[in-house]
Protein chains: 4
Amino acid sequence: MSGTVNKVIIIGHLGKDPEVTNTSAGSKIVRFSIATSETWRDKASGERKERTEWHNVVIFNEGLADVAERYLKKGSKAYVEGQLATRKWQAQDGTDRYSTEIVLKTFRGELTLLDRAERQAPSEESYGTTRSSAPASTSAKPSPVQPAFDDDIPF
Amino acid sequence: MSGTVNKVIIIGHLGKDPEVTNTSAGSKIVRFSIATSETWRDKASGERKERTEWHNVVIFNEGLADVAERYLKKGSKAYVEGQLATRKWQAQDGTDRYSTEIVLKTFRGELTLLDRAERQAPSEESYGTTRSSAPASTSAKPSPVQPAFDDDIPF
Amino acid sequence: MSGTVNKVIIIGHLGKDPEVTNTSAGSKIVRFSIATSETWRDKASGERKERTEWHNVVIFNEGLADVAERYLKKGSKAYVEGQLATRKWQAQDGTDRYSTEIVLKTFRGELTLLDRAERQAPSEESYGTTRSSAPASTSAKPSPVQPAFDDDIPF
Amino acid sequence: MSGTVNKVIIIGHLGKDPEVTNTSAGSKIVRFSIATSETWRDKASGERKERTEWHNVVIFNEGLADVAERYLKKGSKAYVEGQLATRKWQAQDGTDRYSTEIVLKTFRGELTLLDRAERQAPSEESYGTTRSSAPASTSAKPSPVQPAFDDDIPF
DNA sequence: TTTT
DNA sequence: TTTT
């Protein structure tokens, strides 16, 4: 069918760290779920209500898969632009199931980290605190151990 | 969650006429499915491929439900802007199923008919005419015979 | 600045045929203006009002420039997705002027023709009519005379 | 013209605090400019380049004007969805000038603050504390001094 | 599962 | 004028 458009724009927060799959063909696929929510005040009760919606994102676009792997993590706020695709799969009982995903294909889609760059070392945090389990750094994913990425950071 | 966005933009064609449900509460809900498609040439075989994606649209927005009911029909090309919502339902075997829909809520969403105004069967009218003064009708769907809708036509 | 988005989505009609510029560097730039409009009923007078907005589109993206050149013409309905850019230029009196355009850069943006494929030869039209100046064919741009485009048609 | 769409989506940072105008008719108009930018590496020189684009936003939508006035300030990161409008104005020399703006009309458009809730000056508070109970305040701009806004915060 |  |  000619002349159609299939576009989704989501701004939300990741529920967990992204999952990275390296295919046998040598490409990388990154998946994560991202939440949006709406709040409103119930007319009758006057209570504040909230509804959270979860969206499954699948990234085939190589460049964006790299970005996702490197910079997104649980809690990250991100802009995701992709297309809707409903995938059929088989449940264990043999029945067909359908899952709708937001897909970022090769050469298509956008992904932008919306968290503000974390300002340097939050050195104050550790002053006299125990916080034993806490990471010394809350900086973005590229850890000191995995130092690199001297190349372009796309956001 | 604050600061989130959940937006879908679809341009496609309706697979069937819309289904209209009048609720006991006096409101109207309109549903239809709309297809988008992509075509590409397969690298290996060189064949042209096509994949069609179907999207379920549910309109709660009253004004847009009216528009959908009046002007959309099987084959109509439309612009739909709404939000993603995944609804849980029970299959006959008692298991949970999920369906993702594009929802146009009250005061939210957009719906625009993209078909050109149909020059209603202009063929008969013009036989032998000079058409000097203009076509008998370039009006949208509400034909002269079914004069109706003297109010705002929202597209 | 990191984490920004600059996106425009227009559906409208071209005011004139696109203008094509072939640069000395061998690339092609296509420009056109496209109109959107809003109609509303004036509260006071009850009159129907309309406001038309014109948008200047500039296509640097090669593939989309080809599409525009081949398939768009005056009156075409199109979906355009690009980014805003404000360009400074010099008026004849030497003062600075600014013009905001919708730009489709290399590898960015989308362009989709929304006119329905015109149904073959509108043979009826010519029955006994004079319409001397009228084109015999209202078919899309690739005329029979300029036969081909055996390659991919991207919509 | 029927069936048109005029939509702009911007995510960027405000260059200054918004300007609020109270009209004689009792309505409020809020204006601000918001920057988006692109960075790329120049192929020839290998240098990193950046281009910043400034967009003028005008909010007539009352609810969103309130949000802008209350919560946006210089440096804020925001999602803005509106429509393009080119306004004509007279320069001092009497010549016509044009300015393109992103307009959020009554009942139209969206505005979402994307900054994470600021854990207001957490530094002083946490010195030597266990932070057991949580930050004293996670509220946005409305400071404790100006306690107000017991109503809905729309993001 | 996120976030507020 | 923002931001990185």
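The values are calculated or read from the model by the stated rules, or taken from the named source; none is laboratory data. The structure displayed is predicted, hence computed values, not measured ones. With ideal geometry, Cβ positions are generated from the backbone for all residues, glycine too; neighbour counts draw on all protein chains shown. Accessible surface is based on the protein model in full, side chains and every heavy atom, while ligands, DNA and RNA are left aside. Shrake-Rupley method; radii C 1.70, N 1.55, O 1.52, S 1.80 Å.
Here are some notes:
- Of all beta-carbon atoms in chain C, the one sitting closest to the axis that brings chain C onto chain A gives C:Phe107, 4, with the distance in whole angstrom.
- Annotation for D:Thr39, label-to-label distances across the other copies: 3.3, 4.1, 4.9 nm (shortest first, one decimal, point 7 Å from Cα along Cα→Cβ).
- Note, ³J(HN,Hα) from phi for the stretch B:87-99, Karplus 6.51, -1.76, 1.60, rounded to Hz, x at Gly and Pro: 9, 9, 9, 9, 6, 4, 7, x, 7, 7, 10, 10, 9
- Cα-centred dipole magnitude for the stretch B:1-53, charges only on beta-carbon of K, R (+1) and D, E (-1), debye, nearest 20: 100
- Dimensionless Rg ratio for the stretch D:1-44, taking C-alpha atoms and the 2.2 N^0.38 Å reference: 1.88
- Protein heavy-atom accessible area occluded, C/B pair - total, 1.4 Å probe, Å²: 1500
- Shown for the stretch A:52-71: residues covered by the partner protein chains by 50 Å² or more of accessible area relative to the chain by itself (probe radius 1.4 Å), namely A:Glu53.
- Residue pairs exceeding 30 angstrom between C-alpha atoms, taken from B:Lys74/C:Lys43; C:Lys88/D:Lys74; D:Lys7/D:Lys73; A:Lys74/D:Lys16; A:Lys74/B:Lys28; A:Lys16/D:Lys105: B:Lys74/C:Lys43; A:Lys74/D:Lys16; A:Lys74/B:Lys28; A:Lys16/D:Lys105.
- Cut-off 10 Å between beta-carbons: net charge of the residues surrounding C:Glu81, Lys and Arg +1, Asp and Glu -1: +3
- For C:Thr21, the distances from its label point to the matching points in the remaining copies are 3.3, 4.7, 5.5 nm, ordered from shortest, with each point set 7 Å beyond Cα toward Cβ.
- For q = 0.18, 0.21, 0.24, 0.25 Å⁻¹, Debye-computed log10 I/I(0) when each Cα of the stretch C:22-99 counts as one equal scatterer: -0.92, -1.05, -1.16, -1.19
- Interface burial in the stretch D:26-49, defined as at least 10 Å² less accessible area with all protein chains than with the chain alone at a 1.4 Å probe, covers D:Ala35, D:Thr36, D:Ser37, D:Glu38, D:Thr39, D:Arg41, D:Arg48.
- Take C:Thr52, push a point 7 Å out from Cα through the beta-carbon direction, and compare it with the same point in every other copy: 3.6, 3.8, 5.0 nm, smallest first.
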